[in-house]
1. Going by the structure shown, is THR128 touching a residue at least 12 places away in the same chain (Cβ under 8 Å), among the hydroxyl-bearing types (Ser, Thr, Tyr), under 19 Å from GLY56 (Cβ atoms) and surrounded by 19 or more Cβ atoms within 10 Å (Cβ to Cβ)?
2. Identify the residue in segment 101-111 that is farther than 24 Å from PRO68 by Cβ, surrounded by fewer than 18 Cβ atoms within 10 Å (Cβ to Cβ) and not acidic (Asp, Glu) and, among all such residues, is modelled with the lowest pLDDT.
3. Kindly evaluate TYR44 against the criterion of being over 15 Å from the mean Cα position of the chain (by Cα), buried (at least 21 other Cβ atoms within 10 Å of the Cβ) and either in contact (Cβ under 8 Å) with a residue 24 or more places away in the chain or outside any helix (DSSP H, G or I) (or both).
4. What is the number of the single condition among (1) outside any strand (DSSP E or B); (2) in contact (Cβ under 8 Å) with a residue 24 or more places away in the chain; (3) not β-branched (Val, Ile, Thr) that PRO205 does not meet?
5. Got at least one residue in segment 78-95 being acidic (Asp, Glu) and in contact (Cβ under 8 Å) with a residue 12 or more places away in the chain?
6. Can you find even one residue in segment 219-235 that is of a type in the set (D, E, K, R) and under 30 Å from GLU117 (Cβ atoms)?
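The values are calculated or read from the model by the stated rules, or taken from the named source; none is laboratory data. All of these numbers come straight from a predicted model, not from anything done at the bench. Glycine gets a Cβ as well: all are built from the backbone with ideal geometry, and neighbour counts include every protein chain shown.
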Amino acid sequence: MKLEGIHHVTAITADAQANVDFYAGVLGLRLVKKSINQDDTSVYHLFYADEKGDPGSDITFFEYPGVPPGRAGGGMVHRIVWRVASPDALDFWADRLTDRGREPSRLEDSLVFDDPEGLTHEFRVVETTDAPLTAEHPEVPAELAIQGFHAVRAYAADPERSRALLEDTLGFSAPSKVGPDGTTLSREARGEHRGGFYLYDPPPPEGGAQGAGSVHHVAWASPPSEHEAWREAVVAGGAHATPIIDRYYFRSIYFREPSGVLFEIATIGPGFTVDEPLDELGEKLSLTPQYEHLRARIEPKLTPLRNPRDSWARR
């Protein structure tokens with residue numbers, strides 16, 4: 001069995017509307033599902049991805065209105081790395097982000113910036129045979145658009161503790177050292193169709209705290225036929241895994257790897273078109289079958305959201 005790279009990354013926001021404005025309006029991702037946190041139906045769960053809502057491009061947010069800012073520390077993902085195709089794309093995004101108040105730092109082959117709540121992103125020029133996963137936006141030329149996830153970077157004080165689970169159980173590659181200081185450990189999870197990297201950095205002195213602008217978990221992609229076997233493998237590898245949970249759009253297993261980062265293994269499918277057509281993704285509040293009968297109670301408590309896409313998307 002091989003994991004097919006990163007399935008999705010889930011983070012926390014304190015302001016759903018500002019979140020939509022940035023990720024759909026500025027970064028040009030498509031809001032592909034507007035739903036609720038299935039473990040707390042009083043708050044939004046927003047999903048952004050490429051035009052088709054594919055795994056490998058999907059960043060999601062739980063909204064907890066007014067929650068204090070978070071801080072990445074040991075055992076937490078602190079940076080999300082996206083693929084772009086060329087130095088021209090970096091030039092484009094440097095200008096676009098600066099014009100919108102998110103001035104980035106330019107590195108040799110990448111661009112690093114924070115979203116409005118402090119979540120750090122990196123756009124990196126990557127040569128890959130993986131299919132580009134892009135969304136349509138009238139201000140973002142297709143050849144310059146974000147092409148999906150490349151990696152996540154996490155803080156770990158003792159990366160060696162995680163080696164057996166990552167390599168022997170989950171099938172990640174052996175680590176390589178990258179970066180000018182030689183301290184970043186990089187492993188790849190690569191399947192038949194797609195791959196993604198998991199990198200470790202030394203943690204800062206201060207501890208981490210979940211809150212706005214922090215990553216909640218990273219999910220790795222599994223073919224549905226292998227999902228149960230993955231749970232058995234994770235348990236055999238010494239991790240405390242949840243039962244398989246049906247999230248309707250995919251099925252999930254959760255566990256913490258030894259460094260403390262919350263992992264999920266999520267199935268590739270059924271996907272976001274299971275309850276609305278492709279050309280209408282994200283337009284209405286989607287409630288999974290176990291919550292649909294509660295719509296009259298749930299929907300009035302959620303703040304209506306304006307989607308920048310509504311002003312230009314084809315109908």
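1. It is false that THR128 is touching a residue at least 12 places away in the same chain (Cβ under 8 Å), among the hydroxyl-bearing types (Ser, Thr, Tyr), under 19 Å from GLY56 (Cβ atoms) and surrounded by 19 or more Cβ atoms within 10 Å (Cβ to Cβ).
2. LEU107
3. yes
4. It fails just one condition, (2).
5. There is at least one residue in segment 78-95 that is acidic (Asp, Glu) and in contact (Cβ under 8 Å) with a residue 12 or more places away in the chain.
6. Residues of segment 219-235 of a type in the set (D, E, K, R): 226, 228, 231-232.
Now drop any that are not under 30 Å from GLU117 (Cβ atoms), which leaves none.
No, the conditions are met nowhere in segment 219-235.
For every residue, the table says whether it meets (1) at negative phi; (2) outside any strand (DSSP E or B); (3) among the charged types (D, E, K, R).
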residue: LEU3; (1), (2), (3): yes, yes, no
residue: PHE22; (1), (2), (3): yes, yes, no
residue: LYS33; (1), (2), (3): yes, no, yes
residue: ASP54; (1), (2), (3): yes, yes, yes
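The rows are residues; the columns are (1) modelled with pLDDT of 95 or more; (2) out of contact with any strand residue (DSSP E or B) (no Cβ under 6 Å at 6 or more places or on another chain).
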| position | (1), (2) |
| --- | --- |
| PRO55 | yes, no |
| ASP58 | yes, no |
| PHE61 | yes, no |
| PRO65 | no, yes |
| VAL77 | yes, no |
| ALA85 | yes, yes |
| ASP88 | yes, yes |
| PHE92 | yes, yes |
